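The values are calculated or read from the model by the stated rules, or taken from the named source; none is laboratory data. Because the structure is a prediction, the values reported are computed rather than measured. When we count neighbours, we look across all protein chains shown, and the Cβ atoms used for this are built from the backbone with ideal geometry, even at glycine.
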Amino acid sequence: MARKWRAVLGSALTVGVLGVGALFLRAMWRSEQYFHYPRPAAVRPEDLAEAEDVRLRTEDGLQLRGWYLPSRNHAAVVLAHGLSQTRTDLLPEARVLRDAGYGVLLFDLRAHGESEGAFSTWGDLERRDIRAALAYVRGRPDVEPARVGALGFSIGSAAVAEVAAQDTGVAAVVLLSPFNTLRLAAAYDFRRFGVVTESGALMPFWRRGIALDEVRTQAAVERIRPRPLFIVAGTEESGQPLLDALFAQVAPYAQTWRIQGASHGGFQVTEPQAYPRRLRAFFDAALLSPIPPAEVAR
């Protein structure tokens, strides 16, 4: 009888281990798919004929491709897109800012579009891309370096927030659909079975050496203050409890907007009048006001 029960227990343990392993591997496989996506070449729209082709060089030697729309008001904004996107996904924002007179740098992040790079790091090494973009814009003769802002969407917002937290010369920041921390973002949709599936989801990040604990938008925003900060997200995005926490945290010092009915991006489709108006108003107030003499001298 004891032998029979040991056999049953052994079989149950085997089934349990196999089940756990299957859950782990399924989560790992699903997470791995985030690193595989098309990389189409950018097609310049007819209404952006004035855009100049740009090649940026990052500090780790990658070449990034983009377009620059010259400034007419001596201010400029760097735009950083999201995962599996290209510079063209931020054309709605670029047009709003271009029409308002801003210089605009649209570029493909590493491992996206026409830029070099083997894989995305969800905001980790993309910090180098943002620094290269800011250096380019600040060196433009049509731009006053003290009047440069940055806008990022999703993983682009993570990179923008981290760089702006360290670089006090970034005069204004817009974060679209940000995540609180990279670790939470990578594992959030795999939380159903706890540590088993969450660990499986993180494996593709670990094996690529991505610094999960260094990309922390929730901490970075504290170091951006008191500079102007505007955070926008949709009410239909994944991770609403995380957005609740972030919005509550920044409420005392940042502008925030939860767009009713909006999902992950596409805000100009959901709010075709209000979104362009509020985006322009934010940058106008932040970048076109008189610069203190101390800032001009820097």
Give the residue, chosen from LEU242, LEU246, that is modelled with pLDDT of 95 or more, aliphatic (A, V, I, L, M) and crowded, with 18+ Cβ neighbours inside 10 Å. LEU246
Selection over segment 52-82 where residues are among the acidic types (Asp, Glu) and under 21 Å from the mean Cα position of the chain (by Cα) yields a count of 2
In segment 76-98, anything in a helix (DSSP H, G or I), without any contact (Cβ under 8 Å) to a residue 60 or more places away in the chain and surrounded by fewer than 23 Cβ atoms within 10 Å (Cβ to Cβ) is listed as THR88, LEU91, ARG95, ARG98
Among the listed residues ALA171, ALA150, ALA186, identify the single one that is in contact with a Leu (Cβ under 8 Å, 6 or more places away or on another chain), within 19 Å of PHE119 (Cα to Cα) and small (Gly, Ala, Ser). ALA186
Those residues of segment 106-165 which are closer than 27 Å to ASP284 by Cβ and among the aromatic types (Phe, Trp, Tyr) amount to PHE107, TYR136, PHE153
Matching residues, segment 249-298, being outside any helix (DSSP H, G or I), aliphatic (A, V, I, L, M), over 21 Å from the mean Cα position of the chain (by Cα) and at pLDDT 95 or above: LEU288
Restricting attention to segment 222-234, does a residue exist that is part of a helix (DSSP H, G or I), surrounded by 17 or more Cβ atoms within 10 Å (Cβ to Cβ) and touching a residue at least 24 places away in the same chain (Cβ under 8 Å)? yes
PRO141 vs. criteria within 21 Å of the chain's Cα centre (by Cα) and either more than 30 Å from ALA201 (Cα to Cα) or assigned to a loop (DSSP other than H, G, I, E, B) (or both): no
